[in-house]
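**Student:** For reference, the structure I am asking about is given below.
The values are calculated or read from the model by the stated rules, or taken from the named source; none is laboratory data. All values derive from a computational prediction rather than experimental measurement. Using ideal geometry, Cβ is built from the backbone for each residue, glycine included, and neighbour counts are taken over all protein chains shown. All accessible areas refer to the heavy atoms of the entire protein, side chains included, with ligands and DNA or RNA removed. Shrake-Rupley method; radii C 1.70, N 1.55, O 1.52, S 1.80 Å.
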Amino acid sequence: MISEQLLKARAYETEKEKEITPDMRPAYHLSARVGWMNDPNGLCRYRGKYHLFYQYNPYRTQWGPMHWAHAVSSDLLHWETLPCALAPDQPYDNGAGCFSGSAIELPDGRHLLMYTGVRFEEREDGSKVDCQTQCLAIGDGVDYEKLDCNPVLDHTVLPEGASKVDFRDPKLWLGSDGVYRAVVASRPADGSGQILLFKSEDAIHWRYVKKLAENRCRLGRMWECPDFFPLDGKDILMAGTMGEVHTICRIG
């Protein structure tokens, strides 16, 4: 079922994009339908097209409660916009919204999105802090339904000292052994950065495996938006480093 918040976002972007004429848009690069865009997510090939999502605030031209916008392409050059895919409409993501994540095709042909949901948690002194968890939505390439079991990863699975405030940006994949894995950015007690590895047999139920890498206060602070993939017989970990230039690290 499509939520009221998502229907509202879709109606707003459909109406407001009429005010943006072609000469106001870049001739080459994809631009937001309306409002704010950042952090491309979930780039994958699904049902013969490339799908791209990005963090999105349709209502203002500045960072705000994050939605996921959606576009498709046959050649990675020419893009067609689709309706907003995700809105911050659940208790686990109705704070700062739906943060970065990734997407894959499931064996039964459905499209799986894994993203970071951010809610606000009130402290004893009355201040509020982000609480970040990993969540799933499954769909057909246009419409997506968030799972009842969300969040599938929260602070209860984190290693000792890891922050529930900085736990985000899942990248998932299906291994050659038939097991799903995901790397997620995390911040340990010393405030530096680490990448955590999780695994699942069905892409729905996840468990913690180990710390894949940690920077021990080197190469910036928090590591964000990790990717992990084989290349020329090596395993490559790539991440965006806060406070430093972007860094590629080889693991193994």
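**Student:** Taking the Cα centre of region 1-102 as the origin and placing charges on Cβ (Lys, Arg +1; Asp, Glu -1), which of S3, Y50, V34 is farthest toward the positive end of the dipole?
**Tutor:** The listed residue farthest towards the positive side: Y50.
**Student:** Going highest first, how would you order 37-43, 71-77 by mean Cβ packing within 10 Å?
**Tutor:** Details: 37-43: 18.7, 71-77: 12.9.
Going by the mean number of other Cβ atoms within 10 Å, highest first, we get 37-43, 71-77.
**Student:** Could I have the simple spin-label model distance between K210 and D232, label points 7 Å from Cα toward Cβ, reported in nm to one decimal?
**Tutor:** 2.6
**Student:** Quick check: from the Cα gyration tensor, does region 50-158 come out rounded (a/c under 1.5), prolate or oblate? The partial results should precede the final answer.
**Tutor:** Details: a/c = 2.70, a/b = 1.50, b/c = 1.79.
Judged from the Cα gyration tensor, region 50-158 comes out oblate (a/c at least 1.5, b/c at or above a/b).
**Student:** Shifting gears a bit: Give a residue-ordered list of calculated ³J(HN,Hα) values for region 124-132 (Karplus: 6.51 cos²θ - 1.76 cosθ + 1.60, θ = phi - 60°; whole Hz; x for Gly, Pro).
**Tutor:** Values per residue, Gly and Pro as x: 4, 7, x, 6, 10, 9, 5, 10, 9 Hz.
**Student:** Ok, one more. Need the list of lysines near K18 for cross-linking: C-alpha distance under 27 angstrom, and skip anything on the same chain fewer than eight residues off.
**Tutor:** K8, K49
**Student:** Defining a contact as two alpha carbons under 8 Å apart and six or more residues distant in sequence, what relative contact order in percent does the chain show?
**Tutor:** Over the chain, the number comes to 10 percent.
**Student:** Continuing with this model, one more query. Taking only Cα atoms, what is the 0 to 90° angle, nearest 10, from helix 4-16's long axis to the longest principal axis of the chain?
**Tutor:** The angle comes out at about 50 degrees.
**Student:** Through the Karplus equation 6.51 cos²θ - 1.76 cosθ + 1.60, θ set to phi - 60°, convert the phi angles of region 153-167 into ³J(HN,Hα) values in whole Hz; use x for Gly and Pro.
**Tutor:** Ordered by residue, 3J(HN,Hα) equals 9, 9, 5, 5, 9, 6, x, 4, x, 6, 7, 7, 7, 10, 8 Hz.
**Student:** Then there is this: What number in nm² do you get for the chain if you take the convex hull of its Cα atoms and divide its surface by four?
**Tutor:** Directional mean of the projected Cα hull area for the chain stands at 15.0 nm².
**Student:** Roughly how many debye, to the nearest 20, is the charge dipole of the chain about its Cα centre, given +1 on each Lys and Arg Cβ, -1 on each Asp and Glu Cβ, and no other charges?
**Tutor:** 480
**Student:** Out of the total accessible area of region 1-140 (probe 1.4 Å, heavy atoms of protein only), what percent is carbon and sulfur?
**Tutor:** Its accessible area is 53 percent carbon and sulfur atoms.
**Student:** Compute the FRET efficiency between K199 and L43 as 1/(1 + (r/R0)^6), taking r as their Cβ-Cβ distance and R0 = 25 Å, and round to the nearest 0.05.
**Tutor:** 0.65
**Student:** What does the accessible area per residue of the chain come to in Å², with a 1.4 Å probe and no ligands, DNA or RNA counted? Please list the in-between numbers first.
**Tutor:** On the way: 12830 Å² over 252 residues.
Accessible area per residue, the chain: 51 Å².
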